[in-house]
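Inspection log for the structure reproduced underneath, given as structure tokens.
What follows is calculated from the coordinates using simple rules that are stated; it is not laboratory data. Small disclaimer: the values here were computed from a predicted structure and weren't measured. We place every Cβ from the backbone using ideal geometry, glycine too, and count neighbours over all the protein chains shown.
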Amino acid sequence: MDECPEEAGPEENRGCPWGDKDGDSILDNVDACPEAAGPEENNGCPWPDADADGVLDKDDECIDVVGTVANNGCPEVEEAVVIEPVVTKEVQKILNSYAKTILFNSGKSSVKKESNTVLNEIVGILKEYPSAKFSIEGHTDSIGSSVLNKNLSEARASSVMTFLIERGVASNRLTSKGYGESKPIATNSTKAGQSKNRRVEINLVK
């Protein structure tokens, strides 16, 4: 009755020793996949790779999606390319149309409360261009000494810059400078011209 009379084997295998068809060192009687080599921890079966991406399911964090070994079997996520908006000439024009309407208390650097609305509009525009840098420039008319006018223009430009920073515009994006009466845009011989020369400009730093 012994089919292997010269080799010891169990009765349930007719006296023959259990074989190892797939050569994985796991005997066929306990090998769940006797014809395919596999590790003992998976009962003698090879680990599956459902998405065929070369990362075995046991190590694959995205079993049903093709991925890379470097990303644990998940697809690589491409970083979105953020395209920064460009400050156009039109935007620059709008900024300065607002800036020229900023009002200060007479002879002082303090901004009048009625200018808070326009300053907040400027804040909103600057925040749309988070990488752009701007120079805040103060100008005066020619009434009074040139030294006092330069100091006043610097103080006013600085006052505007402080307001913008306090409203959330990054300080490293802003600089301020005063030019006093040195860059008029109208004649200082009339009140209308003087009014135009008393101004703040916000210009893109290129």
### Summary
Toy charge model, Lys and Arg Cβ at +1, Asp and Glu Cβ at -1: the range 1-75 dipole around Cα centroid in debye, rounded to 20, equals 120 debye
### Task
Counting helices only, and only those DSSP H runs with n ≥ 4, report the 222 nm mean residue ellipticity of the chain as the sum of -39,500 (n - 2.57) divided by its residues, in deg cm²/dmol to the nearest 500.
-8000 deg cm²/dmol
## Note on the structure
For the pair Thr88 and Val123, the simple spin-label estimate (label points 7 Å beyond Cα toward Cβ) gives in nm 2.6 nm
### Residue-by-residue Karplus 3J(HN,Hα) for the range 2-18, coefficients 6.51, -1.76, 1.60, Hz, glycine and proline x
7, 6, 10, x, 9, 10, 6, x, x, 4, 5, 10, 6, x, 9, x, 5
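Order these by the 10 Å Cβ neighbour count, fewest first: Glu35, Glu121, Glu201. Intermediate values should be presented prior to the final figure.
Details: Glu35 8, Glu121 14, Glu201 19.
Neighbour counts put them in this order, fewest first: Glu35, Glu121, Glu201.
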### Query
Say R0 is 35 Å: what FRET efficiency, to the nearest 0.05, do Val77 and Ser131 get from their beta-carbon distance?
0.90
## Note on the structure
Distance in nm between Cys62 and Lys177 label points, each 7 Å along Cα→Cβ, equals 5.0 nm
### Query
Which lysines, on any chain, are close to Lys196 with Cα under 19 Å apart, when same-chain ones fewer than 8 places away are left out?
Lys93, Lys100, Lys108, Lys112, Lys150, Lys177, Lys183
#### Entry: Karplus-derived HN-Hα couplings along the range 191-205 (A = 6.51, B = -1.76, C = 1.60, θ = phi - 60°), whole Hz, x at Gly and Pro
5, 5, x, 4, 4, 5, 6, 7, 7, 10, 10, 10, 10, 5, 8
